[in-house]
1. From the list A:Ser332, A:Ser319, which one is within 14 Å of another protein chain (Cβ to nearest Cβ) and among the polar types (S, T, N, Q)?
2. For the subset of the stretch A:360-384 comprising residues that are hydroxyl-bearing (Ser, Thr, Tyr) and surrounded by fewer than 21 Cβ atoms within 10 Å (Cβ to Cβ), which member is nearest to the other protein chains (Cβ to nearest Cβ)?
3. Output the residues belonging to the stretch B:312-366 that are small (Gly, Ala, Ser) and on the phi > 0 side of the Ramachandran plot.
4. Out of all the residues in the stretch A:1-19, which are within 14 Å of chain B (Cβ to nearest Cβ) and in contact with a His (Cβ under 6 Å, 6 or more places away or on another chain)?
5. Test A:Lys43 against the criterion of being of a type in the set (Lys, Arg) and crowded, with 23+ Cβ neighbours inside 10 Å, and give yes or no.
6. Kindly establish whether A:Val49 is within 16 Å of ligand 2 (Cβ to nearest atom), within 14 Å of another protein chain (Cβ to nearest Cβ), free of Cβ contacts under 8 Å to residues at least 60 places away in the same chain and over 21 Å from A:Ala226 (Cα atoms).
7. Take B:Ile227 and decide whether it is exposed (fewer than 13 other Cβ atoms within 10 Å of the Cβ) and touching a helix residue (DSSP H, G or I) at 6+ places or on another chain (Cβ under 9 Å).
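The values are calculated or read from the model by the stated rules, or taken from the named source; none is laboratory data. On a predicted model such as this, the values are computed, not experimentally measured, just so you know. Note: ideal-geometry Cβ built from the backbone for every residue, glycine included; neighbour counts use all protein chains shown.
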Amino acid sequence: MTTLLEMRDITKTFPGVKALDNVNLKVTAGEIHALVGENGAGKSTLMKVLSGVYPQGTYDGDIHYDGQVARFGGIADSEALGIIIIHQELALVPLLSIAENLFVGNECASKGVMNWPETFRRTEALLKKVGLKEAPATPVDRLGVGKQQLVEIAKALSKDVRLLILDEPTAALSESDSQALLDLLLELKAEGVTSIIISHKLNEVRRVADTITVIRDGATVSTLDARTESITEDRIVRDMVGRDMSQRYPERERRAGDMLMEVQGWNVWHPEHATRQMIKDINFHVRAGEVVGIAGLMGAGRTELAMSLFGRSYGQNISGTVKLKGQVVDTSTVAAAIRSGLAYVTEDRKELGLVLEDTIQRNITLANLSDVSRSGVINEAEETKVAERYRKAMNIRTPSVFQRVMNLSGGNQQKVVLSKWLFAGPEVLILDEPTRGIDVGAKFEIYGIINELSAQGKGVVMISSEMPELLGMSDRIYVMNEGGFVGELDASEASQERIMSFIVTD
Amino acid sequence: MTDTTQGERATQPNMGAYLLGHLREYGLLFALIAIMLFFQVVTDGTLLRPVNITNLFLQNSYIIIMALGMLIVIVGGHIDLSVGSVMGFVGALAAVMIVNLDVPVAITIPVCLVVGGLIGAAQGYWVTYWNIPSFIVTLAGMLVFRGLSLWLLEGQSVGPFPREFQLLSTGFIPDVFGVGRPNVTALAVGVIAACAIVYLGMRKRARNMAYGIEDEPISFFVVRNAIVAGALLFVIYKLSTFRGLPNVLVTMGLLTIVYAFLTEQTTIGRRVYALGGNVKAAKLSGIPTERLTFLTFVNMGVLAALAGLIFAARLNTATPKAGFAVELDVIAAVFIGGASMSGGVGKIVGAVIGAFIMGVMNNGMSIMGIGIDYQQVIKGLVLLAAVIFDVYNKQKQR
Ligand SMILES: Nc1ncnc2c1ncn2[C@@H]1O[C@H](COP(=O)(O)OP(=O)(O)OP(=O)(O)O)[C@@H](O)[C@H]1O
Ligand SMILES: [Mg+2]
């Protein structure tokens with residue numbers, strides 16, 4: 001076994017934050033190496049150092065690659081050596097076709113003139129390799145995230161990859177898409193590609209990883225060899241959070257109180273294709289103190305349902321009524337919906353949830369400025385106090401609430417979005433994939449917050465693709481498929497199999 | 001919950017790091033001072049002579065006033081190319097009403113401001129409710145209103161204006177103490193303003209200290225405030241030895257304060273920044289993004305109209321060429337002041353300083369007798385340098 005990559009004593013400082021503090025990482029040729037750690041531990045930063053996003057000179061320490069000291073002045077340098085990174089945020093050009101995206105910057109052309117037949121031929125070969133059945137001319141914005149992820153991998157393969165770095169590739173993927181992706185990784189491994197995968201889904205890590213490096217607070221905590229010993233998830237978690245975590249879900253008492261929210265006869269049509277019905281006659285209710293889960297596959301229409309309820313932010317020709325505490329309420333605009341007591345934590349935090357250029361403080365108060373202002377004049381001292389309160393309560397890791405949100409790690413950004421909606425003081429909180437990309441410790445914290453809300457008699461609607469989470473947290477689960485509800489289960493009778501059976505028999 | 005102390009690996013702020021982090025703000029101020037000193041030296045002290053300082057304000061007032069509106073439009077993620085033409089059109093309208101039709105000044109001024117607002121509303125309507133890019137809508141507006149002013153004036157210059165209208169621009173605040181020179185009213189205003197700046201700065205600092213969030217080293221704070229207050233007093237003193245405070249300076253000063261307050265302290269201001277930063281997120285936070293965008297254009301229209309009135313009053317005629325290419329100066333001022341093309345970033349004070357930088361350069365180069373050709377080249381390069389500086393700065397912080 002030869003060592004392909006060794007990163008020695010990497011230290012990287014941002015203004016006010018030491019993101020990496022003498023981190024060491026050793027990757028053997030031909031293995032799948034998992035990098036795990038809490039949100040903000042420095043995983044993405046380490047990989048950005050490795051791939052030249054942060055060039056030589058902006059950090060301390062050495063990178064040895066293939067027996068040589070590597071000095072990368074930019075991404076192009078690392079790519080030339082076959083190090084390809086797929087970032088946490090996908091970087092495809094939405095309106096270009098798959099073929100064009102695959103070869104952006106690397107076009108099959110002679111003297112600057114595109115060679116289309118060659119492009120398409122090679123695209124087809126690559127798509128076959130990653131198992132994506134789509135025409136090369138399909139624009140990528142027509143593909144779901146799972147398929148886009150495969151396009152990214154195909155793109156990496158087109159560049160003669162030797163070391164493939166994947167930053168949370170499965171965070172936004174459904175169960176089956178994740179499986180397919182992991183299988184592909186194993187296949188690539190058989191062909192000799194080394195990969196580094198960052199993930200918060202420890203079951204996946206256990207499935208594919210040969211070696212696991214745990215990072216905590218910017219330093220390497222341990223390196224575990226999964227080939228010689230069997231590593232339990234609990235073991236990984238212990239290294240990640242620095243203590244034992246016996247439970248993944250906090251205890252919760254069931255207390256379904258009075259009727260809180262009722263949705264009746266909810267119908268929504270596609271915003272562009274007026275004849276396509278996206279949500280079909282949905283009825284559901286939430287009681288005070290209840291956590292209601294909505295299960296379903298990707299594309300079942302769960303996000304569309306939530307968005308259409310929240311100020312008609314999705315779709316057209318919407319019909320149906322929403323009642324809160326027995327009264328029909330106005331949810332025709334987002335402002336009205338918020339006033340009525342709804343809040344919606346979006347699935348896509350960067351696009352829809354945050355103003356990335358703004359500070360943590362400004363993001364937290366955005367949906368409820370009236371509580372920190374008087375006759376339209378903001379009381380900044382009060383605002384800071386609020387932001388500080390949430391920073392403590394949610395354990396947002398940052399030197400100050402004046403840090404720009406774009407400088408936070410993914411998980412901490414999610415906590416900012418949650419804080420924003422908690423501060424809006426809703427009666428019913430709709431959470432759309434609330435723990436996507438969040439580490440185990442933080443998940444536990446977020447579950448704790450959900451429980452706290454329910455203890456206060458609020459209602460929580462939780463949309464999630466992670467079945468264990470739905471089963472662990474919900475009092476009642478609705479199963480959604482193709483725009484309609486196809487089943488309802490009480491927590492006591494729910495199981496992964498029963499949920500799937502509703503979907504399959506539909 | 002896990003304990004909150006872990007995971008924050010804050011490094012101690014030191015002066016160098018602080019300066020690096022705030023290079024942009026200090027840089028702008030020092031750039032202005034450096035440019036002023038430079039011209040002061042090469043023009044043998046002409047630049048800071050009382051007459052010339054007065055002229056500087058008179059010459060640049062309309063740009064600064066429009067820069068206030070432009071900053072807000074740009075922060076909101078749009079641009080308005082029509083302001084020069086609108087300014088010219090409103091000046092022409094005022095001339096036709098007052099000179100040709102004998103409409104009283106007291107009626108003309110509000111009518112003109114309303115017309116400006118309506119023009120802004122018309123353009124904002126297409127931008128917000130039809131999603132037509134503001135670049136295109138206001139490019140069209142630029143052509144339309146350029147044409148309309150020609151038509152209104154029938155290609156001629158119209159003037160002169162009655163004295164009461166001229167006062168809008170060339171008038172001075174009378175000395176209530178009646179001393180004459182130095183003008184005691186002006187001095188008093190200057191001292192009060194300087195004290196207010198220092199007091200507000202100290203109050204903010206104290207409050208931030210209470211939250212443990214102040215990171216500006218005390219020496220920086222003192223030097224910065226000393227420079228700002230000193231420069232203010234110096235300028236006002238110079239003015240007081242001439243004819244006192246020009247009316248436009250007061251208008252401009254008040255508007256700057258109002259807009260700085262509006263953008264930094266109010267919910268409306270906050271929402272405009274949010275929508276410029278991320279429209280979708282702003283919308284899903286319950287912000288009426290369309291109405292706000294619309295209002296930024298209405299506001300721009302009103303300010304362009306005011307600028308048009310002031311400009312016409314200063315020249316004492318309305319000419320078909322008034323406001324020609326002024327939009328470029330206004331936009332340049334805003335970008336020199338640190339606003340971002342993609343929206344969500346920028347400050348009123350920055351835009352005003354940016355406008356002054358442009359103004360001082362225009363003025364200084366004219367005194368030196370540099371030809372209009374070189375002037376354009378130099379201004380263009382300064383704009384480019386400012387933006388390059390921004391981008392470089394951002395990259396360095398990574
Ligand atoms: N550009 C930046 N400026 C300032 N701080 C930054 C910047 N980028 C990252 N950080 C900080 O560095 C630390 C490490 O961030 P990083 O993104 O590497 O975390 P991560 O381990 O990938 O977390 P996650 O699992 O949430 O994605 C965090 O505290 C983050 O706030
Ligand atoms: Mg990350």
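1. Of the residues listed, the single one that is within 14 Å of another protein chain (Cβ to nearest Cβ) and among the polar types (S, T, N, Q) is A:Ser332.
2. Going residue by residue through the stretch A:360-384, those that are hydroxyl-bearing (Ser, Thr, Tyr) are A:365, A:370, A:373, A:375, A:384.
In the following step, the residues that additionally are surrounded by fewer than 21 Cβ atoms within 10 Å (Cβ to Cβ) were identified as A:370, A:373, A:375.
Values: A:Ser370: 7, A:Ser373: 5, A:Ser375: 9 Å.
It comes out as A:Ser373.
3. Once the filter is applied, which keeps residues that are small (Gly, Ala, Ser) and on the phi > 0 side of the Ramachandran plot, the stretch B:312-366 yields B:Gly323, B:Ala325, B:Gly338, B:Gly343, B:Gly344, B:Gly346.
4. Within the stretch A:1-19, the subset within 14 Å of chain B (Cβ to nearest Cβ) is A:11-19.
Correct list: empty.
5. Working: of a type in the set (Lys, Arg): yes; crowded, with 23+ Cβ neighbours inside 10 Å: yes.
Yes.
6. On the way: within 16 Å of ligand 2 (Cβ to nearest atom): yes; within 14 Å of another protein chain (Cβ to nearest Cβ): yes; free of Cβ contacts under 8 Å to residues at least 60 places away in the same chain: yes; over 21 Å from A:Ala226 (Cα atoms): yes.
Yes.
7. Values: exposed (fewer than 13 other Cβ atoms within 10 Å of the Cβ): no; touching a helix residue (DSSP H, G or I) at 6+ places or on another chain (Cβ under 9 Å): yes.
Spelling it out, it is not the case that B:Ile227 is exposed (fewer than 13 other Cβ atoms within 10 Å of the Cβ) and touching a helix residue (DSSP H, G or I) at 6+ places or on another chain (Cβ under 9 Å).
Condition check ((1) assigned to a helix (DSSP H, G or I); (2) surrounded by fewer than 23 Cβ atoms within 10 Å (Cβ to Cβ)) across all residues:
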{"residue": "B:Val90", "(1), (2)": "yes, no"}
{"residue": "B:Ala94", "(1), (2)": "yes, no"}
{"residue": "B:Ile98", "(1), (2)": "yes, no"}
{"residue": "B:Leu113", "(1), (2)": "yes, yes"}
{"residue": "B:Gly117", "(1), (2)": "yes, yes"}
{"residue": "B:Gln123", "(1), (2)": "yes, no"}
{"residue": "B:Ile132", "(1), (2)": "no, yes"}
{"residue": "B:Val144", "(1), (2)": "yes, yes"}
{"residue": "B:Leu148", "(1), (2)": "yes, yes"}
